[in-house]
Amino acid sequence: MSNENTVLARYPDYEVCIGMEVHVQLATKSKIFCSCSNVAVAQANSTICPICSGYPGVLPVLNAQVVEFAVMAALATNSHINLYNEFSRKHYFYPDLPKGYQVTQGELPICENGFVSIKTDSGEDKKIRLFRIHMEEDAGKNIHDAAQGRSLVDLNRAGTPLIEIVSYPDLSSAGEVRSYLKSLRNTVMYLGICSGNMEDGAFRADTNISVRKKGAAELGVKCELKNINSFKFIADAIEYEVERQIELIEAGGRVTQQTRLWDTKEHKTYSMRSKEGAADYRYFTDPDLPPVCLTQEYIDAVAAKMPELPDVLFARLISEYGLSEYEAEILVSDKSVADYYQQAHAHHKSKLLINWVMRDVLGFCKESKIAIENIALKPVMLAELIALIESGKINSKIAQDVFKDSIKSGESPRDYIARNNLEQLDDEAEIEKIVIELLAKNAQQVAAYRAGQVKLFGFFTGQMMIVTKGRGNPQKIQQLLKKHLDS
Ligand SMILES: [Zn+2]
């Protein structure tokens, strides 16, 4: 699948080591150290106060919900939680960081040494070790207005709570990175701690890539790819960067540690700056924030109210609902889809349900680009439609028509069927009457059929569906046609 595989096919004695730093914007009501709203608004500098704007002399107060969300992330990634952890200042100058430092966690982060399970390109399970997860604040945003020749600063985002999830360089292909990011994003969305929206930057990843000769004890020099906000771009950038590094080394050059950006138009990475070492930031413990002291009772209480996680739901969809692994995986990959299925199932338990969700509902969502939670056909209505099919009230052809209408109009399938008089024609005597009339009208075709042109059976069933306006019970039509044609 990937170009990078072909690079490695050309240089089979190389291997790739990729570590990820993922920033997860926490969906708290207020910001991390003040009571300003944490909901994005269009009006620049409208959700700010002296604390998040970095005025001197103000005192930050930690938002308890940030700690709770970080603990949830720790529990969901099998991490060790440091009951005693603290905030540090990381110094650097940016126009959108008026304080001149970012409040983050240094040597004592809230959690360390977790892992995330992923599938490798060949479908095997692999554990990606997490170095740490820490809490921190986001910076504001610089807006470069080239037309006016000026730059503007919007501090609405300053003080937005983040957790940064840092992995070890255990990932070895673009495919593994994709699988890792999907799993992590799904987890934070199931936890309800992040919107997962990559376009808005609520879930964004920095990628550290190095290459080395297989068997080498030391890692190669890494390059960092900054803030790429789609799975596709990340995969493309990794492939490009792996090739660039190997070819540089093969040509006798050396990879230098630097931060690179991905140019989505030119399809290549370019150098932004040489990478700072940790020493450049002059980390020290923030004197304005007391250490975070947690108790095991607190952790247990958070654990008790954690929502169900994707891998638990996956197992339950198979054991409790009887779905296949493939079906369960599709549902789990989007929490809203899993919710939709389970809600419909609660109203009407049916084997047909999964097919209708996967084929018809998801087909409609994809085609119309509407998220499943926003479609007019609510789960209870799909359940109603399937109950109507199974009770024989409508046949599957009519069901398709009803579905196509209800998913746009939001009218209940039962009402739609009653209003349009679509209930299945089930009465044998009535169907038989129509069969007899039809055969009388088409004596020529009947004779041809009886003379051996059995393909004409399709003609008769088609005519029956036309005459009954699609309402005739297909099984009964077949039986009765056979009875009269073959007699
Ligand atoms: Zn504020």
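Would a scan of region 93-116 turn up a residue that is part of a loop (DSSP other than H, G, I, E, B) and of a type in the set (F, W, Y)?
yes
Which members of region 438-469 meet the condition of being of a type in the set (S, T, Y) and touching a residue at least 24 places away in the same chain (Cβ under 8 Å)?
Y449, T468 - these are the residues of region 438-469 that are of a type in the set (S, T, Y) and touching a residue at least 24 places away in the same chain (Cβ under 8 Å).
The conditions are (1) closer than 24 Å to S173 by Cβ; (2) buried (at least 16 other Cβ atoms within 10 Å of the Cβ), and P12 fails exactly one of them. Which is it?
The failed condition is (2).
Can you report the number of residues in region 60-81 which are in a loop (DSSP other than H, G, I, E, B) and out of contact with any helix residue (DSSP H, G or I) (no Cβ under 9 Å at 6 or more places or on another chain)? Outline the logic, then answer.
The first filter runs over region 60-81 and keeps only residues in a loop (DSSP other than H, G, I, E, B), leaving 60-63, 77-79.
From what's left, out of contact with any helix residue (DSSP H, G or I) (no Cβ under 9 Å at 6 or more places or on another chain): 60-63, 78.
Summing the residues that are in a loop (DSSP other than H, G, I, E, B) and out of contact with any helix residue (DSSP H, G or I) (no Cβ under 9 Å at 6 or more places or on another chain) in region 60-81 gives 5.
Given the options L108, L155, name the one that is under 30 Å from V41 (Cα atoms) and either among the aliphatic types (A, V, I, L, M) or within 16 Å of the ligand (Cβ to nearest atom) (or both).
Being under 30 Å from V41 (Cα atoms) and either among the aliphatic types (A, V, I, L, M) or within 16 Å of the ligand (Cβ to nearest atom) (or both) holds for just one of L108, L155, which is L155.
Looking at region 37-55, which of the residues that are at pLDDT 90 or above and more than 14 Å from the ligand (Cβ to nearest atom) is nearest to T104 (Cα to Cα)?
This residue is A44.
Report those helices (runs of 4 or more DSSP H) wholly inside region 301-385 carrying at least 2 residues which are within 19 Å of the chain's Cα centre (by Cα) and modelled with pLDDT of 90 or more.
On the way: elements: 310-321, 325-332, 335-347, 352-355, 362-368.
Result: 310-321, 325-332, 335-347, 362-368.
In this structure, is A64 more than 15 Å from E137 (Cβ to Cβ), of a type in the set (A, V, I, L, M) and crowded, with 17+ Cβ neighbours inside 10 Å?
Here the answer is no, as A64 does not meet what is asked.
Looking for whichever is of a type outside the set (G, A, S) and part of a helix (DSSP H, G or I) here; the options are E218, E243, E199. Which one fits?
E243
If we keep just the residues of region 114-152 that are hydroxyl-bearing (S, T, Y) and under 20 Å from the mean Cα position of the chain (by Cα), which is nearest to the ligand (Cβ to nearest atom)?
Going through the qualifying residues, I end up with S117.
I'm trying to understand the selection: among the residues of region 223-254, which are of a type outside the set (A, V, I, L, M, F, W, C) and under 28 Å from the mean Cα position of the chain (by Cα)? Show your work before the answer.
Filtering region 223-254 down to residues of a type outside the set (A, V, I, L, M, F, W, C) leaves 224, 226-227, 229-230, 232, 236, 239-241, 243-245, 247, 250, 252-254.
Across region 223-254, the qualifying residues are E224, K226, N227, N229, S230, K232, D236, E239, Y240, E241.
Considering only residues that are in contact (Cβ under 8 Å) with a residue 24 or more places away in the chain, among the aliphatic types (A, V, I, L, M) and more than 30 Å from A40 (Cβ to Cβ), which ones fall in region 195-225?
I209, V211, L219, V221
Under 9 Å between Cβ atoms, at least 6 apart or on separate chains: pull out the pairs that start in region 27-48 with a residue that is in the same structural domain as T187 (by TED's automatic domain parsing) and on the phi > 0 side of the Ramachandran plot and end on any residue that is more than 8 Å from the ligand (Cβ to nearest atom) and assigned to a loop (DSSP other than H, G, I, E, B).
Listed pairs, sorted by first residue: N45/G140; N45/L155; N45/N156.
Please go through region 56-101 and pick out each residue that is away from the ligand (no atom under 16 Å from the Cβ) and of a type in the set (K, R).
Within region 56-101, R89, K90 qualify.
Considering each residue of region 14-36, count those that are within 14 Å of the ligand (Cβ to nearest atom) and not polar (S, T, N, Q), and give that number. Break it down into steps so the answer makes sense when it comes.
Taking region 14-36 as the starting set, the residues that turn out to be within 14 Å of the ligand (Cβ to nearest atom) are 28-36.
After this cut, where a residue has to be not polar (S, T, N, Q) as well, the list is 29, 31-34, 36.
The qualifying residues number 6.
Check region 433-445 and report whether any residue there is part of a helix (DSSP H, G or I), touching a Leu at 6+ places or on another chain (Cβ under 6 Å) and not assigned by TED's automatic domain parsing to the domain that holds C365.
Applying the first criterion (part of a helix (DSSP H, G or I)) to region 433-445 yields 433-441, 443-445.
Now restrict to residues that are touching a Leu at 6+ places or on another chain (Cβ under 6 Å): 435, 445.
Next cut, not assigned by TED's automatic domain parsing to the domain that holds C365 only: 435, 445.
Yes, some residue in region 433-445 is part of a helix (DSSP H, G or I), touching a Leu at 6+ places or on another chain (Cβ under 6 Å) and not assigned by TED's automatic domain parsing to the domain that holds C365.
The values are calculated or read from the model by the stated rules, or taken from the named source; none is laboratory data. Computed from a predicted model, the values in this text were never measured in an experiment. Backbone-built Cβ (ideal geometry, glycine too); neighbour counts: all protein chains shown.
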